[in-house]
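The values are calculated or read from the model by the stated rules, or taken from the named source; none is laboratory data. Because the structure is predicted, anything quoted here is derived from the model rather than measured. Neighbour counts run over all protein chains shown; Cβ positions are idealised from the backbone, glycine included.
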Amino acid sequence: MAFNNRNNTKMRVLITGINYAPEQTGNAPYTTGLAEYLADQGYDVTVVTGMPYYPEWSVPAEYRYRLRATEERRSVRLKRLRTYVPSRQTAVHRLGFELGFYLNGFLAPRLGVTPDVVLGIVPSLGGAGLAASYARRFRVPYGLVFQDLVGAAASQSGMPGGGKVAKLVQRIECQLARNASQVAVISEGFKPYLATGGVEPSRICHLRNWTHISSPTLPRDETRRSLGWTNDDVILLHAGAMGLKQGLESAVDAARLAKDTLPKVRFVFMGDGNQRRMLEERAKGLQNVTFMPPIGSDEFPEVLAAADMLLINERHSLRDMALPSKLTSYLVAGRPIIAAVAPDGWTAREVRRTGAGTVVPAGKPESLVSAVRHLVEHPEAARALACAGPAYAQSTLRSDVVLSQYVDFIHRIRDPAAAAMHQDVRVRVHKGVEA
């Protein structure tokens, strides 16, 4: 049982973040997985989140006309908040999205819980703002987990008007981080941004995302047949959001270059997002391009494993604002990864670290085609990359190991000195077991 040291009751954890299940892409699986893990470990968990909208950027009919809703999923209480969900991504529309979520949560009459600690998930910035507001209201400490950097995203993601507000957003973001008891980042590349913004480096820790999908179990041939993929097809699959930061127009352009020189290669885009219609229009007439809707979590590992190659594609301007959430799933699938990203960015560094992928410059369709051709013509190189992914996931991204680190982080928010002692004891016990 996860006890509150003061009164031997369950420790009450309040999490604020706009994305949660049933959303299956982006950071929702990680917020959901953390909340459910804490509940399984005996914590009393409440999550303030948004109505489902991602990656379609459209709220389902059953949530569309509700200002607030209360649910329970796997022993986690959910307080859902309605906010403005824009169909277009501009700085002004994003401001309405963030502000609507924050104000709805701030003005909510009651949460039905008095937390011992608050944890805000970034993005969104509204989630961080609510964490700070609830912490003041209940006079408890709060911490932040940065899945993305919102200020960096404003300047790097290609959002219209983003560059004009990036510095203001960064100031707000770093102010919220400075006031937090502890800060966690999923990428080492986020640390300089926060440190430059005045956050003490000693209060910033690196917590990776974990593998949240199961290993594939069905025969690949069976899954390929169900998808209409023949044994002769070479499938390059992008799975996930189709937004501005993915920059997938260059992948469509690569398909146009490859249609004659690599006739067996098919470019498959599976997912949804606010750029999908534009991409479909751009791909008109290309017989080697297919769009698929998002699929359920049970089928997802099987489809990834049935592909021949998996694509990570980002805008050339992205450097340190995010790590693609799909990477942890790609690694489990055991397929070679091609990352068309900024070669000096943190996504490139992470892909190289895993040993499971090859990196080519973002926004260069000819380079993507060359990488595909190389793996087609050198199957031994493709096999080596494919084998490295599951090995890295098992050694570094196991959910039980990573989530236990998040538990330590939450205790450190609550009581930094006691948490450090608790972690030291756990390390000594673990070493003793190994001996």
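Gly285 satisfies every condition listed in (1) assigned to a loop (DSSP other than H, G, I, E, B); (2) at pLDDT below 95 except (2). Within region 372-384, residues that are closer than 16 Å to Leu331 by Cα sit with their Cβ atoms under 7 Å from residues that are outside any helix (DSSP H, G or I), at 6+ positions apart or across chains, in these pairs: Ala382/Pro336.
Among the numbered conditions (1) crowded, with 20+ Cβ neighbours inside 10 Å; (2) within 24 Å of Val402 (Cα to Cα), the only one that Arg208 does not meet is (1). Against the condition at pLDDT 95 or above and under 22 Å from the mean Cα position of the chain (by Cα), how does Val265 come out, does it pass? So Val265 does not fit the description; no.
Listed here are the strands (runs of 3 or more DSSP E) enclosed by region 1-99 that have at least 2 residues being outside the structural domain of Phe409 (by TED's automatic domain parsing) and among the charged types (D, E, K, R), and there are none.
The residues of region 105-147 that are under 26 Å from the mean Cα position of the chain (by Cα) and free of Cβ contacts under 8 Å to residues at least 24 places away in the same chain amount to a single one, Ala135. crowded, with 21+ Cβ neighbours inside 10 Å, under 18 Å from the mean Cα position of the chain (by Cα) and at positive phi: does that describe Gly271? When the stated conditions are applied, Gly271 passes them.
Restricting Leu227, Leu262, Leu218, Leu257 to those that are surrounded by fewer than 23 Cβ atoms within 10 Å (Cβ to Cβ), of a type in the set (A, V, I, L, M, F, W, C) and touching a Pro at 6+ places or on another chain (Cβ under 7 Å) reduces the list to Leu257. Checking Ile312, Ile295 one by one, the residue that is modelled with pLDDT under 95 and of a type in the set (Val, Ile, Thr) is Ile295 and no other. The residue that is nearest to Ser317 (Cα to Cα), counting only those in region 333-347 that are among the hydrophobic types (A, V, I, L, M, F, W, C) and surrounded by fewer than 23 Cβ atoms within 10 Å (Cβ to Cβ), is Ala342. When region 388-405 is filtered for residues that are within 23 Å of Ile338 (Cα to Cα) and either touching a Gly at 6+ places or on another chain (Cβ under 6 Å) or surrounded by fewer than 13 Cβ atoms within 10 Å (Cβ to Cβ) (or both), the ones remaining, listed by number, are Ala388, Gly389, Pro390, Ser395. Taking Arg178 as the residue in question, decide whether it is surrounded by fewer than 18 Cβ atoms within 10 Å (Cβ to Cβ) and part of a helix (DSSP H, G or I). So Arg178 passes the test. As a summary of the residue check, Pro115 satisfies the conditions (1) within 20 Å of Tyr406 (Cα to Cα); (2) out of contact with any Ser or Thr (no Cβ under 8 Å at 6 or more places or on another chain); (3) part of a loop (DSSP other than H, G, I, E, B) except for the one numbered (2).
Exactly one residue out of Gly151, Gly127 is touching a Ser or Thr at 6+ places or on another chain (Cβ under 7 Å), surrounded by 20 or more Cβ atoms within 10 Å (Cβ to Cβ) and either of a type outside the set (Phe, Trp, Tyr) or assigned by TED's automatic domain parsing to the domain that holds Gly50 (or both), and it is Gly127.
Conditions tested, residue by residue: (1) surrounded by fewer than 24 Cβ atoms within 10 Å (Cβ to Cβ); (2) within 28 Å of Gly296 (Cβ to Cβ); (3) in contact with a Pro (Cβ under 6 Å, 6 or more places away or on another chain).
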{"position": "Ala35", "(1), (2), (3)": "no, yes, no"}
{"position": "Val45", "(1), (2), (3)": "no, yes, no"}
{"position": "Tyr63", "(1), (2), (3)": "yes, yes, no"}
{"position": "Glu72", "(1), (2), (3)": "yes, yes, no"}
{"position": "Asn104", "(1), (2), (3)": "yes, no, no"}
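The set of residues in region 134-163 that are assigned to a helix (DSSP H, G or I) and not basic (Lys, Arg) comprises Tyr134, Ala135, Phe138, Val150, Gly151, Ala152, Ala153, Ala154, Ser155, Gln156, Gly162, Gly163. Among residues that are assigned to a loop (DSSP other than H, G, I, E, B), closer than 24 Å to Ser124 by Cα, outside the structural domain of Ala153 (by TED's automatic domain parsing) and not polar (S, T, N, Q), Asp344 is not included.
Taking the criterion of being part of a loop (DSSP other than H, G, I, E, B) and surrounded by fewer than 21 Cβ atoms within 10 Å (Cβ to Cβ), the residues of region 289-314 that qualify are Pro293, Pro294, Ile295, Gly296, Ser297, Asp298, Glu299. Just one of the numbered conditions (1) assigned by TED's automatic domain parsing to the domain that holds His374; (2) over 23 Å from Ala342 (Cα atoms); (3) in a loop (DSSP other than H, G, I, E, B) is not true of Ser214: (1).
The set of residues from region 368-378 being of a type in the set (Gly, Ala, Ser) and surrounded by fewer than 18 Cβ atoms within 10 Å (Cβ to Cβ) comprises just one member, Ser370.
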